[in-house]
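**Student:** Could you have a look at this structure, given as structure tokens, before my questions?
The values are calculated or read from the model by the stated rules, or taken from the named source; none is laboratory data. The model shown is predicted, which means the values in this text are computed figures rather than measured ones. Methodologically, a virtual Cβ is constructed for each residue, glycine included, from the backbone with ideal geometry; neighbour enumeration extends over all protein chains shown.
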Amino acid sequence: MAHYEASIRRPLITGDKTYADVTRDIAFPVEGPANKQWWLVFTIALIAFLYGIGCITYTISTGIGVWGLNKTVGWAWDITNFVWWVGIGHAGTLISAVLLLFRQKWRMAINRSAEAMTIFSVIQAGLFPIIHMGRPWLAYWVLPIPNQFGSLWVNFNSPLLWDVFAISTYLSVSLVFWWTGLLPDFAMIRDRAITPFNKKIYGILSFGWSGRAKDWQRFEEVSLVLAGLATPLVLSVHTIVSFDFATSVIPGWHTTIFPPYFVAGAVFSGFAMVNTLLIVMRKVCHLENYITIQHIELMNLVIMITGSIVGVAYITELFMAWYSGVEYEQYAFLNRATGPYAWAYWSMMTCNVFSPQFMWFKKLRTSIVFSFAISIVVNIGMWFERFVIIVTSLHRDYIPSSWTMFSPTFVDIGIFIGTIGFFFVLFLLYARTFPVIAQAEVKSILRSSGNKYKEMRENQPTSNQNAASGDPMAHPSE
Amino acid sequence: MLPLVTQWHIQASKTMATQKIHALYNDDAILLLAVKKIREQHYHIEEIFCPFPVHGLEKAMGIASTRLAVTSFLYGIVGLAVATAMMNYIMIEDWPQNIGGKPSFSYIENMPAFVPIMFELTVFFAAHLMVITFYLRSRLWPFKKAENPDVRTTDDHFLMEVDAHGEDLESITKFLYDTGAVELVLIDKEDH
């Protein structure tokens with residue numbers, strides 16, 4: 001029998017699903033009407049988004065002075081939010097690209113939504129540098145285009161410009177990766193559509209996908225190569241984000257550990273956000289048979305490992321500050337842990353290093369309520385990490401007379417809330433209109449990893465023993 | 001596997017006509033074995049429409065492997081060249097500046113600072129141009145009309161187009177059912 005998989009592997013698709021069941025279950029949230037909870041959450045998200053637009057309008061029409069920044073702390077919530085959102089984005093690419101290269105079949109139930117999360121959160125991240133420019137209509141000045149300012153080009157030595165290239169490459173490549181994977185699934189919805197309007201819309205979105213054998217061959221090759229390209233890309237993006245700090249000469253920023261530390265932190269926060277979103281989505285969209293407890297458990301394990309890497313990085317930073325013998329460096333870290341922002345530092349430590357350690361216990365990492373709670377805690381902790389790195393390193397600089405504190409204004413808070421609203425507006429619209437699980441990919445593993453077929457195989461044990469591998473394609477002579 | 005439904009859609013054939021049989025399968029393992037058997041009998045499989053990628057199908061059908069990965073590699077080299085030429089012109093030739101004391105008189109000395117952008121543009125070109133090539137080769141774009149003959153091919157059925165021109169319909173029908181087809185449709189089209 002083809003599709004052999006060891007019986008000790010737990011099924012990835014539970015509930016006796018056939019191909020037609022997969023189609024129906026994944027088309028259901030798109031075809032059915034929205035329920036009351038969806039409208040309620042959507043309304044809240046939309047209000048938050050509109051409030052954020054109001055705050056952005058106020059900032060741009062009045063000036064950056066409406067934020068809580070001062071001459072000592074020139075970067076605070078804006079860049080904290082930027083790094084936080086970019087970091088969240090990393091899990092999507094990690095799941096779809098890195099786990100594809102590692103042939104992890106469990107990614108198939110979650111990659112679509114994780115990639116959607118990536119794209120929507122990178123959009124939020126991109127807003128902050130543009131707003132912080134103060135004159136966003138001049139945002140095109142970051143591009144290397146010929147100009148009349150004495151041919152004043154952009155500075156390719158600057159990590160801020162590297163960021164422009166890294167983030168835009170990341171966003172655009174993630175988008176085509178996501179869309180290419182969506183084509184067969186849009187085609188599935190198109191072919192089921194009843195109303196001419198839906199047929200038309202999904203016909204356009206599916207680019208006329210027909211599913212020829214040759215198309216599938218190319219599709220798989222393109223997916224594999226994109227995964228190969230996206231893997232170093234995702235690592236480069238947060239590495240370059242960390243260069244924004246690491247290439248400076250600010251104590252607390254000027255450390256060589258930043259690139260791996262930021263990448264691990266990004267994966268950590270991204271998986272936490274995937275868990276937050278999917279634990280709710282599997283319930284609302286009735287996808288418990290596809291996004292199983294096993295999926296949540298595996299994501300919790302990734303959270304535990306990356307959380308531990310982040311913990312090691314925190315401690316290494318402290319050690320290196322002491323070991324360097326540089327007074328300014330030592331003070332920056334002493335001030336973080338014991339100074340006026342100690343509450344932020346210890347919140348970060350508790351949320352990011354301590355809380356994921358609960359995942360060593362199987363009972364806890366397979367508990368949905370506990371996983372959801374930890375995912376929120378980690379999201380908060382990772383926001384604090386960026387706040388601690390940015391604000392505590394700046395607020396006490398080389399001249400004690402300029403030492404000060406940072407407190408956000410309602411505008412700082414409003415823009416942050418606005419991006420959370422915008423993110424959920426996009427995600428909720430996505431959950432109602434897009435196939436939220438890569439159904440074609442799930443179908444391709446249904447025979448090997450579906451509950452129904454695994455049981456069928458195990459009830460006829462002799463069929464696997466006749467051939468060397470049990471695979472008639474691999475051993476046609478048998 | 002027994003035939004479930006038998007349908008014959010025969011349009012009146014007047015002059016020269018191409019006859020095709022659409023054989024539907026509902027199991028990818030059976031489909032793979034069927035492809036092998038059909039090719040052994042020297043029937044011609046024109047196309048197979050699948051709801052998901054069936055591993056080994058293109059090999060069984062005798063489809064040549066795709067060279068999209070090679071194009072991606074070549075596009076990546078183009079991206080690297082574009083990045084190098086662009087930054088060499090902007091930072092070294094057109095307007096060299098002293099930025100933080102970094103060397104600005106030769107590309108190779110200043111190169112370490114340019115590595116991130118050289119990498120990003122390599123990936124940008126390799127990814128986007130490969131995807132565009134894929135879309136063009138597979139004829140995929142917005143407003144393109146879908147060409148799968150049966151809507152079930154995006155759900156749970158595999159549709160095989162077998163050339164039946166000049167074949168004995170009765171024997172090929174029986175043969176296809178024996179390979180595990182669940183439904184056969186005769187397509188009788190006039191040539192234009």
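**Student:** For the stretch B:151-171, does any single residue satisfy the condition of being at the interface with chain A (Cβ under 7 Å from one of its Cβ atoms), within 30 Å of A:N147 (Cβ to Cβ) and part of a helix (DSSP H, G or I)?
**Tutor:** No: zero hits.
**Student:** Among (1) under 29 Å from A:V176 (Cβ atoms); (2) facing chain A (nearest Cβ under 7 Å), where does B:D94 come up short?
**Tutor:** Every listed condition holds for B:D94 apart from (1).
**Student:** Among the listed residues A:L278, A:L301, which satisfies the condition of being within 17 Å of the chain's Cα centre (by Cα) and surrounded by fewer than 22 Cβ atoms within 10 Å (Cβ to Cβ)?
**Tutor:** It is A:L301.
**Student:** Does A:A97 satisfy the criteria of being at pLDDT below 90 and not hydroxyl-bearing (S, T, Y)?
**Tutor:** Working: at pLDDT below 90: yes; not hydroxyl-bearing (S, T, Y): yes.
Spelling it out, A:A97 is indeed at pLDDT below 90 and not hydroxyl-bearing (S, T, Y).
**Student:** Considering the stretch B:121-139 alone, what residues qualify as being at pLDDT 95 or above and small (G, A, S)?
**Tutor:** B:A126, B:A127
Rundown of residues vs (1) assigned to a helix (DSSP H, G or I); (2) within 14 Å of chain B (Cβ to nearest Cβ), yes/no style:
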| position | (1), (2) |
| --- | --- |
| A:H3 | no, yes |
| A:I8 | no, no |
| A:K17 | no, yes |
| A:T23 | yes, yes |
| A:P29 | yes, no |
| A:W38 | yes, no |
| A:A48 | yes, no |
| A:W75 | no, no |
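**Student:** Of everything in the stretch B:46-57 that's farther than 12 Å from B:Y25 by Cβ and more than 7 Å from chain A (Cβ to nearest Cβ), which residue is surrounded by the fewest Cβ atoms within 10 Å (Cβ to Cβ)?
**Tutor:** Among them, the one singled out is B:E46.
**Student:** Output the residue which, of all residues in the stretch A:106-154 that are more than 14 Å from chain B (Cβ to nearest Cβ) and part of a loop (DSSP other than H, G, I, E, B), is nearest to A:H286 (Cα to Cα).
**Tutor:** A:I110
**Student:** A further question on this structure: Please find, among A:D215, A:D244, A:D185, A:D163, the residue that is within 7 Å of another protein chain (Cβ to nearest Cβ) and acidic (D, E).
**Tutor:** Answer to the check: A:D215.
**Student:** While we're here: I'm checking my understanding of the structure. Among residues of the stretch A:54-94 that are surrounded by fewer than 15 Cβ atoms within 10 Å (Cβ to Cβ) and in contact (Cβ under 8 Å) with a residue 12 or more places away in the chain, which one is farthest from A:W178 (Cα to Cα)?
**Tutor:** By that ranking, first place goes to A:K71.
**Student:** Okay, next question. Give the residues of the stretch B:100-120 that are within 7 Å of chain A (Cβ to nearest Cβ) and either surrounded by 15 or more Cβ atoms within 10 Å (Cβ to Cβ) or under 21 Å from the mean Cα position of the chain (by Cα) (or both), sorted by residue number.
**Tutor:** Matches in the stretch B:100-120: B:A113, B:F114, B:P116, B:I117, B:F119, B:E120.
**Student:** Going by the structure shown, is A:T239 farther than 22 Å from A:Q357 by Cβ, in a helix (DSSP H, G or I), out of contact with any Leu (no Cβ under 7 Å at 6 or more places or on another chain) and among the hydroxyl-bearing types (S, T, Y)?
**Tutor:** So A:T239 fits the description; yes.
**Student:** Continuing with this model, one more query. Right, A:R386: assigned to a helix (DSSP H, G or I), charged (D, E, K, R) and over 30 Å from A:V66 (Cα atoms) or not? Talk me through it step by step, then tell me what you get.
**Tutor:** Details: assigned to a helix (DSSP H, G or I): yes; charged (D, E, K, R): yes; over 30 Å from A:V66 (Cα atoms): no.
Spelling it out, it is not the case that A:R386 is assigned to a helix (DSSP H, G or I), charged (D, E, K, R) and over 30 Å from A:V66 (Cα atoms).
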